[in-house]
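> Have a look at this one.
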Amino acid sequence: MAMLRPLADSTFLRTYMLMALALVATFSLALAGFAMVDQVRREHYREQLAEAPMLLLVSQLAEQPEEARPSWLSQHSDRWDIGLRVGEVEHFSLNYFERSRLADGRVLITPRGERGWRLLKRLPGEPLLLEAELRGLSEQQLRGLAESLGEWLADESLRVARVEALSRTALPVTLTDRPPEVLDSGQLARLYQGEVILRLQPENWALSAYLQLRHDVGAAQWVQIGPVTAFEPMPLSLSLLLLVAMLVVLAATIYLIVRGVEARMARLELAATRIAGGHLDTRVKVESGDFLGRLGMAFNGMATQVQSLLRAQQEMIRAVSHELRTPVARIRFAVQMVEDMTDSEPVRRQLSGVDADIEELNGLIDEILTYARLGSDQAQGTELALEPVECRALAGRVVEALAPLHRHLELSLVPGEEIEIPAEPRYLQRALQNLVANACRHADTRVRIALYRDSRSVRVDIEDDGPGVPEKHRQEIFKPFARLDDSRTRRSGGYGLGLSIVQKIMVSHAGSIMVDDSPTLGGARFSLLLPAPAMSIKQA
């Protein structure tokens, strides 16, 4: 159990172990496959090699009367140098498959010792089996086969039919009317004298036997037995095929193992991406207690903690902002009372300044409440209620609202076709209004708004001819209460929350905001990127 604990808790160790086991199993399977194929081919070769001799023996034995069979068996045992005997099927210990093979007329071969075999074949039409015990293959057995074949083919009326029956086996038997041309004169002379001639073919390690048959009328025929080829090992093409199959199995096994780990890591990546996009309610499904399972649990705990902290922070900000409204209202009421009770012009000027500060404080409270509300929705995973919004009309309303407040600026909306996207209209207008107001505060003479659309997104550009935003500060300006100390100073106004609110609104719409240099006006260019469904363009 102590050894299994690290394996159960370590994903990568378990992966490596599984890959190693898969490799060992695949190679073991390949070796077993090679051995099995060779064994099957070897048994098939033996069965084919023994088919013709056993067919010859059982055919000759079946033609013998019952009382002559013992002497025939003894005679052919000496001729063939093998042990022959006959017995009933019930006297042999055979299983179902062996009985089925014998019933089909096939030869049954079983090994006996290191170099011996037992051959069994059923006599045609009889419940008897011929058993042949071989201690090895020799030249005498091939000569005995040829001599027995010559005796069996002595009957001229049955010769052709019997040769055809033997030719259906794996041992070739050929009957010709001309002497073999491959034999030399000495071999032919011995062949004419009735000897069995054996010829070895070294090019393929094959052995053939030749003998002469005579007709009663004097015409001769010749029989060729073989060539009998030696057993060949598995060919290279088959070996390569098995190797390719082994590699395919190994590749598939490793792929399935790695794919499981990759799929779990992909789910973690997707959850992290969703949380980074503002969906803090996203959690990872934990399937086990290994490394990746523990990583998923830690990830879920982190997401829960971040969501809880963010929710608590937003609730605190919202509560503080609400609580500030009461004393601010009391201060404004007191200022108005003092203003009504005095006629001193200096006092009225001071009270007017206090009233302006109170108004600015109210604006700051509104900004904080909006920021807190967006953060709370993000922490709780609240989805916005989206509806079709015509972007150009929305931008036109923003321009109409802000143009009277900045009469010294040229505030323009670039003409073009209407663009409709799904959005929360109140939040989207707030984001656009914040950006246009920010551009008006820093522009010298011009502010320009342009809308663009491609197949996947809508882009709204707000450009000005002011000093722009230095590249090193382009990420900091989106932080709450962040304001630059150079060109965009505190004298320009604002509370430092406008751009943070815009960024949160974009995140809640699955969009983004970017800032760079304006190529047309030379100042800053803020770009809102929003996803857009297909076919959402209307003609203006």
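The values are calculated or read from the model by the stated rules, or taken from the named source; none is laboratory data. Since the structure is predicted, the reported quantities are computational estimates derived from the model, not experimental observations. Using ideal geometry, Cβ is built from the backbone for each residue, glycine included, and neighbour counts are taken over all protein chains shown. Quick note on the areas: whole protein, heavy atoms, side chains included, nothing else; ligands and nucleic acids left out. Shrake-Rupley method; radii C 1.70, N 1.55, O 1.52, S 1.80 Å.
> Determine how large the accessible area of Arg453 is when every protein chain is in place; take a 1.4 Å probe and give Å² rounded to the nearest 10.
60
> A follow-up question, please. How far apart, in nanometres, would the label points at Ala165 and Leu268 be if each is projected 7 angstrom from Cα along the Cα-to-Cβ direction?
Here the answer is 7.6 nm between the modelled labels.
> Can you tell me the length gained on complete extension of the stretch Gln64 to Leu158, counting 0.36 nm per residue apart and subtracting the Cα distance? Don't skip to the end; give the middle numbers.
Values: separation 94, 0.36 × 94 = 33.84 nm, distance 1.63 nm.
Contour length minus the Cα-Cα distance gives 32.2 nm.
> Report in % the part of the accessible area of region 391-458 that belongs to carbon and sulfur, leaving out ligands and nucleic acids; probe 1.4 Å.
48
> Between Val347 and Gln475, what length in nm is gained on full extension when 0.36 nm per residue of separation is reduced by their alpha carbon distance?
Result: 41.7 nm gained on full extension.
> Calculate, for region 31-72, the solvent-accessible area per residue in square angstrom, rolling a 1.4 angstrom probe over the heavy atoms of the protein chains.
Result: 54 Å² per residue.
> Sort Glu463, Glu315, Glu90 from largest to smallest accessible area, using a 1.4 Å probe on the heavy atoms of the protein chains. Write out the running numbers ahead of the final one.
Working: Glu463 5, Glu315 85, Glu90 130 Å².
Ranked from most to least accessible, the order is Glu90, Glu315, Glu463.
> Could you tell me which of rounded, prolate or oblate describes region 260-359, using a ≥ b ≥ c as the square roots of the eigenvalues of the alpha-carbon gyration tensor, with rounded for a/c under 1.5 and, failing that, prolate when a/b is larger than b/c and oblate otherwise? Walk me through the intermediate numbers first.
Working: a/c = 8.32, a/b = 4.90, b/c = 1.70.
Prolate shape, in that a/c is at least 1.5 and a/b is the bigger ratio.
> Continuing with the same structure: Taking H placed 1.01 Å from N in the peptide plane, check which residues at least 5 places from Ser518 or on another chain put their amide H under 5 Å from its amide H.
Gly523, Ala524, Arg525
> Evaluate the distance, in nm, between pseudo-label points positioned 7 Å from the Cα of Glu339 and of Val354 along their respective Cα→Cβ axes.
About 1.1 nm separates the two model spin labels.
> Over the heavy atoms of Val320, what accessible area does a 1.4 Å probe trace out, to the nearest 10 Å²?
Accessible area, nearest 10 Å²: 80 Å².
> What shape does region 67-124 have by the C-alpha gyration tensor, where a ≥ b ≥ c are the square roots of the eigenvalues, rounded means a/c under 1.5, and otherwise prolate means a/b greater than b/c and oblate the rest?
Details: a/c = 2.24, a/b = 1.33, b/c = 1.69.
Oblate, because a/c is 1.5 or more while a/b does not exceed b/c.
> Across every pair of different alpha-carbon atoms, what Kirkwood hydrodynamic radius in Å does region 407-472 reach?
One over the average 1/r among Cα pairs gives 13.3 Å for region 407-472.
> Please compute the length gained on full extension between Ser77 and Arg332, using 0.36 nm multiplied by the number of residues separating them and subtracting their Cα-Cα distance.
My answer for the length gained is 78.6 nm.
> Taking the alpha-carbon centroid of each part, what is the distance from region 76-132 to region 291-361 in angstrom?
105
> Mind ranking Thr15, Thr253 by accessible surface for me, highest first, 1.4 Å probe?
So the residues, ranked largest to smallest area, are Thr253, Thr15.
> Another question about this same structure. Which percent of the accessible area of region 53-126 is formed by carbon and sulfur heavy atoms (probe 1.4 angstrom)?
On the way: 2000 of 4210 Å².
Of the solvent-accessible surface of region 53-126, carbon and sulfur hold 47 percent.
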